[in-house]
1. Does segment 21-30 hold any residues that are free of Cβ contacts under 8 Å to residues at least 12 places away in the same chain and not charged (D, E, K, R), and which are they?
2. Which one is least open to solvent (accessible area, probe 1.4 Å), of the residues in segment 31-69 that are in contact (Cβ under 8 Å) with a residue 24 or more places away in the chain and of a type in the set (Gly, Ala, Ser)?
3. From the list Leu22, Leu14, exactly one residue is modelled with pLDDT of 90 or more, of a type in the set (A, V, I, L, M, F, W, C), buried (at least 16 other Cβ atoms within 10 Å of the Cβ) and not in a helix (DSSP H, G or I). Which is it?
4. Scanning segment 1-11 for residues that are surrounded by 10 or more Cβ atoms within 10 Å (Cβ to Cβ) and not in a helix (DSSP H, G or I), which turns out modelled with the highest pLDDT?
Amino acid sequence: MKNCRNTICAGEDLVLFHYGELDAGARSRLEAHLAGCPACRAELADIERTVTAPPRPDARLSPVAIQRL
């Protein structure tokens with residue numbers, strides 16, 4: 001993604017891969033690509049850290065953000 005120009009991992013494919021939402025063919029192609037692409041493996045690791053991170057109990061919306069809701 002960041003340093004990869006292969007269209008096999010473009011867009012939201014890595015997120016869909018993480019959640020198991022790709023069809024079997026797309027999953028196989030992406031798995032093969034990930035085996036040889038450190039940039040996409042790093043991007044997938046970032047996604048996995050982001051979606052599995054525990055919520056921060058001290059996180060608060062700013063007053064401006066609350067007004068926008």
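The values are calculated or read from the model by the stated rules, or taken from the named source; none is laboratory data. Because the structure is predicted, anything quoted here is derived from the model rather than measured. For neighbour counting, all protein chains shown are included, and Cβ atoms are generated from backbone atoms with ideal geometry for every residue, glycine included. The area values use the complete protein model at the heavy-atom level, side chains included, leaving out ligands, DNA and RNA. Shrake-Rupley method; radii C 1.70, N 1.55, O 1.52, S 1.80 Å.
1. We begin by selecting, within segment 21-30, every residue free of Cβ contacts under 8 Å to residues at least 12 places away in the same chain; these are 21-25, 27-28.
Scanning segment 21-30 gives Leu22, Ala24, Gly25, Ser28.
2. We begin by selecting, within segment 31-69, every residue in contact (Cβ under 8 Å) with a residue 24 or more places away in the chain; these are 33-34, 37, 39-40, 42-44, 47-48, 51.
Filter once more, so that each one left must be of a type in the set (Gly, Ala, Ser): 39, 42.
Values: Ala39: 27, Ala42: 50 Å².
My answer is Ala39.
3. On the way: Leu14 fails: not in a helix (DSSP H, G or I).
On inspection, the qualifying residue turns out to be Leu22.
4. Taking segment 1-11 as the starting set, the residues that turn out to be surrounded by 10 or more Cβ atoms within 10 Å (Cβ to Cβ) are 1, 3-4, 6, 8-10.
Those left that are additionally not in a helix (DSSP H, G or I): 1, 3-4, 6, 10.
Details: Met1: 50, Asn3: 71, Cys4: 80, Asn6: 75, Ala10: 68.
Out of the qualifying residues, it is Cys4.
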